[in-house]
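**Q** Before I ask anything, here is the structure I am working with.
No value in this document is a laboratory result; all are computed from the given coordinates. All of these numbers come straight from a predicted model, not from anything done at the bench. Quick reminder, even Gly has a Cβ in these numbers, built from the backbone with ideal geometry, and neighbours come from all protein chains shown.
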DNA sequence: TGTCATTAGTTAGCCTAGCTAAATAATAGT
DNA sequence: ACTATTATTTAGCTAGGCTAACTAATGACA
């Protein structure tokens with residue numbers, strides 16, 4: 001985003017006197033916010049490649065590797081409200097990628113498991129679905145990738161919340 | 001996301017033999033994808049605090065700091081299609097945060113500029129709007145923030161594309 | 001000068017992702 | 001048997017994103 005540096009400057013009192021020395025959280029938050037938006041917009045445009053929207057893939061991933069899982073737990077894992085998960089799973093089910101399964105002991109509980117097709121799609125599409133981002137990253141110097149590899153766990157922690 | 005590590009392992013051939021040594025782009029892309037989704041979901045839940053959705057704030061930010069800007073340029077900056085920008089700007093205009101302005105020489109061209117209110121809102125709300133993320137980052141060790149500060153420009157490059 | 005192509009934005013219509021509030025259904029408690 | 005709690009769904013809303021098709025203005029040029 002072109003205006004990014006201008007915006008950075010505009011924060012006045014907060015911006016770096018000593019670059020790299022304990023950067024201001026608010027600045028970092030602002031830029032992370034922006035970069036996340038733009039990253040996802042780009043991926044969204046490419047998700048035709050795999051045929052499915054990103055949130056569905058993310059949920060499918062949890063279902064495939066998290067075994068049969070209750071809708072509630074899935075909602076918690078994906079950090080969304082229950083109705084959102086109902087819709088997501090509905091879409092995955094319609095696509096034949098997952099199956100609902102009612103708990104024998106407590107019939108309120110619904111578990112979702114991946115079908116063979118769901119698992120296959122996820123494994124097959126693993127690279128393809130984020131192909132463009134993968135390509136971008138592949139063009140970075142190895143040192144940059146190493147840096148990202150270290151930064152990602154931190155991001156995951158921050159994304160999970162306090 | 002709980003399943004994340006399991007997913008990492010599942011990529012088999014791609015996962016790290018030597019941790020930190022030129023990590024596989026596909027792995028990084030996968031995790032970035034996921035973390036971006038979760039980050040934005042969290043921010044979206046908080047954007048009530050500032051009263052506006054993230055994409056509107058992002059666009060407003062470009063308008064405020066990028067001066068009067070044509071809709072086409074704004075769409076390019078935000079990496080979205082023209083109709084999306086028309087809608088976004090429409091919302092901002094309705095909220096009284098920006099104004100349309102038709103070019104005198106070429107009357108097809110529309111420029112948007114921020115109103116005083118728009119500028120004020122952006123400046124006032126700068127921290128508040130990503131307050132939760134800011135708080136999360138503030139809790140990180142300074143070393144982690146330093147790491148993020150270095151990683152963000154790389155992310156911005158990757159988000160911008162190849 | 002009159003037509004034709006190009007460019008900038010808008011409109012219409014669609015889909016997905018979120019949410020809250022309220023309904024349904026099953027279980028658990030008293 | 002009521003009542004409360006828990007798990008999920010339904011209904012209805014806002015928003016962001018897209019494509020396709022339209023309008024309007026400009027520019028080229030025969």
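**Q** Hey, which residue of A has the C-beta nearest the axis mapping A onto B, and what's the distance in Å?
**A** Per the A/B rotation axis, the closest residue of A reads A:151, 2.
**Q** How far is residue B:123 from itself in the other copies, in nm, if each label sits 7 Å out from Cα along the Cα-Cβ line, shortest first?
**A** Here residue B:123 shows inter-copy label distances of 5.8 nm.
**Q** Averaged across A:51-58, how many Cβ atoms of other chains sit within 10 Å of each residue's Cβ atom?
**A** For peptide A:51-58, the averaged partner shielding equals 2.
**Q** Ranked by Cβ crowding within 10 angstrom, fewest neighbours first, how are B:41, A:44 ordered?
**A** In increasing order of surrounding Cβ atoms, one gets A:44, B:41.
**Q** Still on this structure: Quick check on the exposure proxy: order A:102, A:69 from fewest to most C-beta atoms within 10 angstrom.
**A** Ordered by Cβ neighbours within 10 Å, fewest first: A:102, A:69.
**Q** A further question follows. Starting from a label point 7 Å past Cα on the Cβ side, list the distances from residue B:109 to the same position in the other copies, nm, shortest first.
**A** 6.4
**Q** By counting other Cβ atoms within 10 Å of each Cβ, how are A:111, A:31 ranked from fewest to most?
**A** With the fewest neighbours first, A:111, A:31 line up as A:111, A:31.
**Q** If the label for residue A:156 sits 7 angstrom from Cα along the Cα-to-Cβ line, what are its distances to the same label in every other copy, in nm to one decimal, shortest first?
**A** Ordered by distance, the counterparts are at 2.6 nm.
**Q** Can you give the percent of C-alpha pairs in region B:28-162 whose distance is more than 24 Å?
**A** The answer is 39 percent, as a whole percent.
**Q** Under a point spin-label approximation (7 Å from Cα along Cα-to-Cβ), what is the residue B:81-residue A:44 distance to one decimal in nm?
**A** 1.2
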